[in-house]
Amino acid sequence: MTTKTTKTSPLRGAIRATALLAAVAAAGAAHAQTKTIYIGMNGGNMERTYSQFVFPPFEKANNVKVVVVPGTSTDILAKAQASKDKAQMQVMTLDDGVMYRAIGMGLCEKLKPSANIAEVPAIAKIKDSAVGLSMGLTGLAYNTKMFAEKGWAAPTSWGDLADPKLKGKVVVQSMPASSFGLHAFLMFNRLKGGNEKNVDPAFKAWPTTIGPNVVEYIPNSSKVVEMMQAGDAAIFPYTLTQAELMKSKGIPMEYVAPKEGAVVLMTAMCVLSNNPESELAHKLQDYLVSPEAQALAMENGSYNPVNPKAKLQGKAAEEQNKMNAILKNAVAVDWDVINADRPEWNKRWNRTVER
């Protein structure tokens, strides 16, 4: 039996080669058209949640890659300042207090009106230039295992940080570095009769009341769980969001909204000024406050939405209901006053409290 070999004609081979080259060129052109935009935000759980679950629908719909520049709020602000004449990031997310500073420095563009941004309540917008990404509430978290072993009742007040039974068991995030520590200080100040314009009461009382109970002033909250496991941390300022996340990982922790009120701690975002991709950046900002994106962030990372139309189910809905209940008695601090006086507060804190 003879097997025939089919020969490809030179013309047909040329046509196939041309078609293949055209396909490769088209793929290369499509790839070249994919833009990259950069967003500054916290690393860890936030970077994972947004990169894996929230950004992909936007990337697919807009043929764009969204890359996270990770860092704390102060890190991100410093990067934005360093390139303020030609922004290297297109969007940045900052704690609300730091965002007030960024806007004052002229680093943020004005919000562009949209249906999604219109759905966000006024409490989650800052000076027409930033809008909330997620809502947090600083309260107190405590080590349920230690409290149970000691037979202690759950805390109910910011004043419980000064309870003598907690000597050497309180952890506070350093006020100059952390909004958590600052919130605890300001709420204790209110208990002592002060306000944002007069912080003398807290500075005078802290060293002899809460001070002896503090085992360590930490720069951020990343060390809290480690200190709990070592038996060093019984109670500390913390957010509902972080407490729920730690509980989901089996950490023996519970969150309490003090009777004087938890403190609003919002993560806000703005589009940077002098930004070559301003239109696309505003489009990303608008998407991130959409009900769809807000639900993805909550369901996959416990980032409580600022858009009330976000549709949540199951545990995410339960957590949001808890957040909404606490918000009714929440306290919003005066960031304009705080930021004006904070450099002096920081010096005084380092001199009289954390020395």
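The values are calculated or read from the model by the stated rules, or taken from the named source; none is laboratory data. Keep in mind that what you see is a predicted model, and the values were worked out from it rather than measured. Here the Cβ is made from the backbone with ideal geometry for all residues, glycine too, and neighbour counts use every protein chain on show. For the accessible areas, the whole protein counts, side chains as well, though only heavy atoms, and no ligand, DNA or RNA atoms are used. Shrake-Rupley method; radii C 1.70, N 1.55, O 1.52, S 1.80 Å.
For the chain, the percent of C-alpha pairs falling in each 20 Å distance bin, counted from 0 to the bin holding the largest distance, reads 28, 50, 14, 6, 2, 0.
Determine by what factor the alpha-carbon radius of gyration of the stretch 30-163 differs from 2.2 N^0.38 Å, reporting the quotient.
Working: Rg = 19.4 Å, N = 134, 2.2 N^0.38 = 14.1 Å.
For the stretch 30-163, the normalised Cα radius of gyration comes out at 1.37.
The aspartates and glutamates whose alpha-carbon is closer than 12 Å to the alpha-carbon of Lys127, local same-chain residues fewer than 8 away aside, are Asp96, Glu109, Asp336. Only alpha carbons enter this Debye calculation for the stretch 127-259, each as an equal point scatterer, and the log10 of I(q)/I(0) it gives at q = 0.18, 0.20 Å⁻¹ is -0.99, -1.20. Each Lys or Arg adds one and each Asp or Glu takes one away; over the other residues whose Cβ falls under 15 Å from the Cβ of Lys86, this sums to -1. So, R0 is 51 Å and r is the distance between the beta-carbons of Glu196 and Lys309; what FRET efficiency does that work out to, to 0.05? About 0.95, to the nearest 0.05.
Which FRET efficiency value, to the nearest 0.05, is calculated for Ala154 and Glu216 with the Förster distance at 22 angstrom and r the Cβ-Cβ distance? All intermediate terms of the calculation are to be shown ahead of the outcome.
Values: r = 23 Å, r/R0 = 1.03.
Calculated transfer efficiency: 0.45.
Segment Glu318..Glu279, full-extension length gain: 10.4 nm, with 0.36 nm per residue of separation and the alpha-carbon distance subtracted.
Which aspartates and glutamates have a Cα less than 15 Å from the Cα of Lys167, not counting those fewer than 8 places away in the same chain? Straight-distance partners of Lys167: Glu216, Asp232.
With every protein chain present, what is the per residue accessible area of the stretch 260-303 (1.4 Å probe, Å²)? Kindly include the intermediate steps, with their values, before the conclusion.
Numbers: 1220 Å² over 44 residues.
Here the residues of the stretch 260-303 average 28 Å² of exposed surface.
The Rg/Rh ratio of the stretch 294-355, with both radii computed over alpha carbons and Rh defined as the Kirkwood radius, is 1.23. Here the contact order of the stretch 199-355, divided by its residue count and restricted to Cα pairs under 8 Å and six or more residues apart, works out to 25 percent. Protection proxy ranking, highest mean first, for peptides 80-88, 298-306, 240-248: 298-306, 240-248, 80-88, where packing is the per-residue count of other beta-carbon atoms within 10 Å, averaged. Fully extending the segment from Asn300 to Gln52 would add 88.4 nm, taking 0.36 nm per residue of separation and subtracting the current Cα-Cα distance. Here Lys249 is the anchor, and the lysines within straight C-alpha reach of less than 25 Å, apart from those fewer than 8 places off in the same chain, are Lys145, Lys150, Lys169, Lys223, Lys311, Lys315, Lys322.
Could you work out Rg/(2.2 N^0.38 Å) for the stretch 268-326, with Rg from alpha carbons only? Numbers along the way, then the final one.
On the way: Rg = 13.6 Å, N = 59, 2.2 N^0.38 = 10.4 Å.
This ratio for the stretch 268-326 stands at 1.32.
Carbon-plus-sulfur accessible fraction, the stretch 77-158 (probe radius 1.4 Å, protein heavy atoms only): 52%.
Its Cα gyration tensor gives the stretch 46-94 an equivalent ellipsoid; the semi-axes, largest first and in whole Å, are 23, 14, 6.
How much area per residue is accessible in the stretch 91-166 when the probe is 1.4 Å and only protein heavy atoms are counted (Å²)? Kindly include the intermediate steps, with their values, before the conclusion.
Values: 3000 Å² over 76 residues.
Value returned for the stretch 91-166: 40 Å² of accessible area per residue.
Size estimate for the stretch 179-318 follows the Kirkwood approach: the inverse of mean 1/r over distinct Cα pairs works out to 18.1 Å.
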